[in-house]
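Undergrad: Take a look at this one; I'll ask things after.
The values are calculated or read from the model by the stated rules, or taken from the named source; none is laboratory data. Keep in mind it's a predicted model, so treat the numbers as computed, not measured. Ideal geometry is used to build each Cβ from the backbone, glycine not excepted, and the neighbour counts take in all protein chains shown.
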Amino acid sequence: MNTMSKTLLDLPGWLLSQLRGWRTDRKIVVFESDDWGAIRMPGRQQFESLKKSGIEVGSSHYDRLDSLERKEDLHALLNVLCGHRSSRGEKPIFTMNMVMGNPDFEKIERDDFQRFHHESFIQSYQTYYGESFENDWLSAMNEGLVRQQFHAREHLNSTLWLRDLKAGLEPVRTAFRHRFYGLKAKTSSAWQRHYKAAYCAESPSEVEAIKGIFSNGMAMFETAFGFHSRSFVACNYVLPEELEQHSATEGVQLIQSQRGYVRPDPAKGGQRTVCRPFAGKRNDHGQKFSVRNVLFEPYLAPDEDWAGRAFREVALAFRLRKPAVVCTHRVNYSGHMDLEHRDRSLFQLDCLLRKIIKTWSDVEFLSSDQLLDAMGRSD
């Protein structure tokens with residue numbers, strides 16, 4: 001092994017992912033935001049009741065803060081985006097990685113946990129809030145403020161969840177009665193301690209099940225938004241190689257990722273390895289990877305200067321001639337559980353956008369599929 005190879009292997013994973021792969025002199029910023037459309041915590045009343053029932057929810061930021069977005073949450077975010085324009089006249093755009101729906105708890109219960117039933121995210125708005133804003137999503141897309149891409153049919157390993165519900169496993173049944181599936185639990189899996197990793201297959205039969213669910217979800221996406229999703233991010237960054245291959249047959253050309261993702265091996269009972277992609281990396285199926293190299297997650301620490309932190313990471317990406325791909329989940333912008341938290345996040349986002357536009361007059365705001373096109377033109 002030569003000295004240069006050894007030096008690269010000794011570098012921290014986050015830096016190594018920055019130094020390798022596709023480079024550009026363009027000042028590209030991509031905001032990738034996961035989980036839109038998923039329920040997570042149904043509401044404050046259910047949260048308090050779950051705690052009294054002995055379900056461990058208080059220690060999780062997601063349990064305390066994340067819930068299905070409301071119309072006012074979407075519009076509050078759009079108002080911030082509308083308030084900024086680059087020197088090119090472009091407004092910032094959010095890639096919204098969509099969850100196409102949620103469990104239909106009533107039908108599952110009526111079926112005595114024998115079959116899974118799905119409810120579209122559009123119907124979930126009616127179920128939980130008594131409102132519909134399908135047209136608001138389409139309007140935001142047409143205005144160039146959001147670009148929807150596919151995340152999951154539901155943010156849930158429905159095979160594992162239904163198996164444990166059928167077996168009467170507590171506290172999963174208790175959580176179900178509260179319309180909650182996001183709990184930490186001693187599941188029947190040897191590897192999983194929750195049910196949110198939708199694509200975590202631990203046997204060949206589970207691989208076939210998630211392939212079918214993935215295809216079904218992609219078809220729902222195209223029906224809902226009128227176009228095909230060319231990129232995709234795996235729930236909890238857990239992605240078996242078999243689904244990479246299957247997603248390619250479904251037209252996915254770009255896999256959004258963190259600096260590392262988990263690859264379970266269904267032939268070995270779900271045994272895991274960690275894969276470390278880099279920007280522009282191609283897999284064996286011709287798909288490219290993008291890598292999130294900027295963190296903007298105010299939910300993690302409300303008192304931290306997230307605008308300043310993210311700005312420094314954007315600057316580092318540009319110095320290394322990389323696109324700045326910002327990881328920022330829906331939990332930051334959902335106000336149903338905590339309105340002040342949402343507004344603090346929006347204030348920080350406003351500050352970040354102002355700093356970026358002031359510092360780099362040639363900044364370009366792209367969606368994830370537009371980043372794919374930019375990388376493609378450079379091949």
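Undergrad: Suppose we filter 332, 236, 293 for residues that are in contact with an Asp or Glu (Cβ under 9 Å, 6 or more places away or on another chain) and closer than 30 Å to residue 376 by Cβ; which single one remains?
TA: Residue meeting the stated conditions: 293.
Undergrad: Still on this structure: Counting only residues that are part of a helix (DSSP H, G or I) and of a type outside the set (Ser, Thr, Tyr), which one in segment 224-237 is nearest to residue 373 (Cα to Cα)?
TA: Per the criteria, the residue is 225.
Undergrad: Shifting gears a bit: Can you pull out the residues in segment 271-326 that are closer than 18 Å to residue 239 by Cβ, among the charged types (D, E, K, R) and touching a helix residue (DSSP H, G or I) at 6+ places or on another chain (Cβ under 9 Å)?
TA: 276, 284, 288
Undergrad: Being over 23 Å from residue 373 (Cα atoms), in contact with a helix residue (DSSP H, G or I) (Cβ under 7 Å, 6 or more places away or on another chain) and at pLDDT 95 or above is the requirement here; does residue 266 meet it?
TA: no
Undergrad: Can you pull out the strands (runs of 3 or more DSSP E) entirely within segment 30-123 that have at least 2 residues that are under 30 Å from residue 313 (Cβ atoms)?
TA: 94-99
Undergrad: Kindly list the number of the only condition in (1) in contact (Cβ under 8 Å) with a residue 60 or more places away in the chain; (2) under 25 Å from residue 289 (Cα atoms) that fails for residue 373.
TA: For residue 373, the exception is condition (1).
Undergrad: Return only the number of the condition from (1) buried (at least 24 other Cβ atoms within 10 Å of the Cβ); (2) modelled with pLDDT under 95 that residue 90 does not satisfy.
TA: Failed condition: (1).
The rows are residues; the columns are (1) within 25 Å of residue 366 (Cβ to Cβ); (2) at pLDDT below 95.
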position: 48; (1), (2): no, no
position: 100; (1), (2): yes, no
position: 130; (1), (2): no, no
position: 134; (1), (2): no, yes
position: 139; (1), (2): yes, no
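Undergrad: Can you tell me how many residues within segment 194-218 are within 19 Å of the chain's Cα centre (by Cα) and either surrounded by fewer than 19 Cβ atoms within 10 Å (Cβ to Cβ) or not in a helix (DSSP H, G or I) (or both)?
TA: Going through segment 194-218 one residue at a time, the tally reaches 10.
Undergrad: Then there is this: Could you say which residue among 113, 94 is of a type in the set (A, V, I, L, M, F, W, C) and within 23 Å of residue 173 (Cβ to Cβ)?
TA: Result of the check over 113, 94: 113.
Undergrad: I'd like the full set of residues that are surrounded by fewer than 19 Cβ atoms within 10 Å (Cβ to Cβ) and of a type in the set (Gly, Ala, Ser), limited to segment 132-183.
TA: Correct list: 132, 139, 144, 167, 168.
Undergrad: Restricting to segment 246-267, and then to whatever is part of a helix (DSSP H, G or I) and of a type in the set (A, V, I, L, M), can you tell me which residue is surrounded by the fewest Cβ atoms within 10 Å (Cβ to Cβ)?
TA: 267
Undergrad: Pairs, please: C-beta under 8 Å, at least 6 apart or cross-chain, first residue over 21 Å from residue 336 (Cβ atoms) and in contact (Cβ under 8 Å) with a residue 60 or more places away in the chain and in segment 296-320, second charged (D, E, K, R) and surrounded by fewer than 22 Cβ atoms within 10 Å (Cβ to Cβ)?
TA: From residues that are over 21 Å from residue 336 (Cβ atoms) and in contact (Cβ under 8 Å) with a residue 60 or more places away in the chain, the pairs are 318/27; 320/23.
Undergrad: Taking the stated definitions as given, is residue 176 under 22 Å from residue 60 (Cα atoms), modelled with pLDDT of 95 or more and in a loop (DSSP other than H, G, I, E, B)?
TA: When the stated conditions are applied, residue 176 does not pass them.
Undergrad: From the list 366, 352, exactly one residue is surrounded by 19 or more Cβ atoms within 10 Å (Cβ to Cβ), touching a Pro at 6+ places or on another chain (Cβ under 9 Å) and in contact (Cβ under 8 Å) with a residue 12 or more places away in the chain. Which is it?
TA: Just one listed residue meets the conditions, 366.
Undergrad: Here is a further query. Condition test on residue 221, is it within 30 Å of residue 84 (Cβ to Cβ), in a helix (DSSP H, G or I) and among the aromatic types (Phe, Trp, Tyr)?
TA: yes
Undergrad: Starting from residues that are hydroxyl-bearing (Ser, Thr, Tyr) and outside any loop (DSSP other than H, G, I, E, B), keep the ones in segment 322-379 and report whichever is farthest from the chain's Cα centre (by Cα).
TA: My answer is 359.
Undergrad: Mind checking which pairs have a first residue in segment 42-66 that is more than 18 Å from residue 334 (Cα to Cα) and a second that is assigned to a helix (DSSP H, G or I), Cβ under 7 Å, 6 or more apart or different chains?
TA: Close Cβ pairs (under 7 Å, with a partner that is assigned to a helix (DSSP H, G or I)) amount to 50/175; 53/174; 55/174; 55/175.
Undergrad: Now for a different question. Show the residue pairs that are 6+ apart or on different chains and have beta-carbon atoms under 7 Å apart, the first residue being within segment 222-236 and surrounded by 14 or more Cβ atoms within 10 Å (Cβ to Cβ), the second being at pLDDT below 95 and not in a helix (DSSP H, G or I).
TA: Short answer, once both residue conditions are applied: 234/261.
Undergrad: From the list 243, 160, 169, pick out the single residue that is assigned to a helix (DSSP H, G or I), in contact with a Ser or Thr (Cβ under 9 Å, 6 or more places away or on another chain), without any contact (Cβ under 8 Å) to a residue 60 or more places away in the chain and on the phi < 0 side of the Ramachandran plot.
TA: After ruling out the rest, the residue left standing is 160.
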